[in-house]
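First comes the structure, then the notes that go with it.
No lab work stands behind these numbers, since they all come straight from the coordinates. Please read all numbers here as calculations on a predicted model, not as lab measurements. No Cβ is skipped: glycine too gets one built from the backbone with ideal geometry, and neighbour counts run over all protein chains shown.
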Amino acid sequence: MEKRYHSYAGYFREKYGERLQKLVIDAGFTCPNRDGTVGTGGCSYCDNAAFHPGYSTPGKSIAQQLDEGISFHQVRYRGASHYLAYFQSYSNTYGPVERLRQVYSEALDHPKVVGLVIGTRPDCIDDARLDLLEELRDTPMAGKPEPFRTPIIQVEYGIESCYDATLEHIGRGHGFECARRAVEATAARGFDVGAHFILGLPGETRQMMLDQCALINALPLNSIKFHQLQLVRGTRMEAEAREHPERFQQWTLDGYLDFVIDILERLRPDLYIERVAGEVPPRFVEKTCWGLIRNFQILHLLDARLEARDTRQGALWAPPVFD
């Protein structure tokens, strides 16, 4: 069945002729929202341990994490032969440039790694870091086959919301304009840029989340991730949800799938959709509202629902008209 949205996995198959699997790396970076530069305690929803696999821990070398990640993923993706090192944990451009060069280069030296995906905050990028990424992107990698003679480098920004009031409420420490500048500066260097958004942040109505699609469409993004808000045990947001449940969206799985489709209809048809839901291990939450359903199962349900509604990504999108 033909996909009714642009899948991120499909992008790699179209461009490189194969699936490229991400391997999550924890390089031991921190975050300006934790070390006191911007704030302390992090964002109100965040417990980073809930969002990365067990093989990815900062006590291991980059090479060991990559080797263990390949073993982990080969159980499910036996056909994968090349990988992307995904620097996910915390803010992976937040450190001295020479430290960044060291860890990025160590990942690219792995014989099966053909590129980097670097997750970071919009306030942790500048010309020096973009210069480094350009240098790495333009440097041939010894022993890598075509079309991977030079590395794939993508930058993924945690934006989370387009609304400054929401960003302030959840303690992000930056506004949407900061995110816009970071995305535009990165895209101007020729990098593929991804963004992450959370659906269901406190105080945001269904209409607000739909309206932000216009702001997302206006950004020079290549790919996008959506996660439903998950209340991780022990976070400030979990406590807020207990005290003020009226601030939070409550979705059934069916209702969430319909809402994701409403969003997809409003998004530019050229955006690649990497993820529409998140998974947190059950031990990190008081309850798993949708049971133990996995992301790949949610995608199968999404495909079927798009077919049933006879709609697709971009169905309600119209290109902007300039005077």
(request) Translational diffusion coefficient, Stokes-Einstein: compute it for the range 1-112 using the Kirkwood radius over C-alpha pairs as Rh, at 20 °C and 1.002 mPa s, and state it as an integer in µm² s⁻¹. (result) 136
(message) For a quick check of your reading of the filter: which GluC sites (Glu not before Pro) in the range 232-291 sit in a DSSP loop and have no more than 12 other Cβ atoms within 10 Å?
(response) 286
(request) Determine by what factor the alpha-carbon radius of gyration of the range 122-217 differs from 2.2 N^0.38 Å, reporting the quotient. (result) 1.32
(request) Can you figure out the FRET efficiency of residue 71 with residue 290, using R₀ = 25 Å and their beta-carbon distance, to the nearest 0.05? (result) 0.30
(message) Can you tell me how the range 192-234 classifies by the Cα gyration tensor, rounded, prolate or oblate, using a/c under 1.5 as the rounded cut?
(response) oblate
(request) With springs only between Cα atoms under 10 Å apart, run a GNM on the chain and tell me which of 44, 89, 105 wobbles the most. (result) 105
(request) Sum -39500 (n - 2.57) across every DSSP H segment of at least 4 residues in the chain, then divide by the residue count to get the 222 nm mean residue ellipticity, nearest 500. (result) -10500 deg cm²/dmol
(message) Test of the criteria: in the range 247-310, which trypsin sites (Lys or Arg not before Pro) are in a DSSP loop and have at most 11 other Cβ atoms within 10 angstrom of their Cβ?
(response) 287, 294
(request) Could you order peptides 145-156, 310-321 by the average number of other Cβ atoms within 10 Å of their residues, highest first? (result) 145-156, 310-321
(request) State the Kirkwood hydrodynamic radius of the range 194-319 in Å, one decimal place, computed from all pairs of distinct Cα atoms. (result) 15.5
(request) Please work out, to two decimal places, the log10 of the ratio I(q)/I(0) at q = 0.23 Å⁻¹ from a Debye calculation in which every Cα of the range 96-142 carries one identical scatterer. (result) -0.90
(request) Sort the following peptides by mean Cβ neighbour count (other Cβ atoms within 10 Å, averaged over residues), highest first: 110-119, 162-171. (result) 110-119, 162-171
(message) Regarding the range 68-189, what's the average projected area of the Cα-atom convex hull, expressed in nm²?
(response) 8.7
(message) Compute the distance from the alpha-carbon center of the range 274-323 to that of the range 176-217, in whole Å.
(response) 17
(request) Find, among the trypsin sites (Lys or Arg not before Pro) in the range 59-99, those assigned to loop by DSSP (not H, G, I, E, B) with at most 12 other beta-carbon atoms within 10 angstrom. (result) 76, 78
(message) For the chain, place one equal point scatterer on every Cα, skip the solvent, and apply the Debye formula. What is log10 of I(q)/I(0) at q = 0.07, 0.09, 0.15 Å⁻¹?
(response) -0.27, -0.46, -1.43
(request) Could you please state, rounded to a whole Å, how far the C-alpha centre of the range 127-160 is from the C-alpha centre of the range 3-52? (result) 16
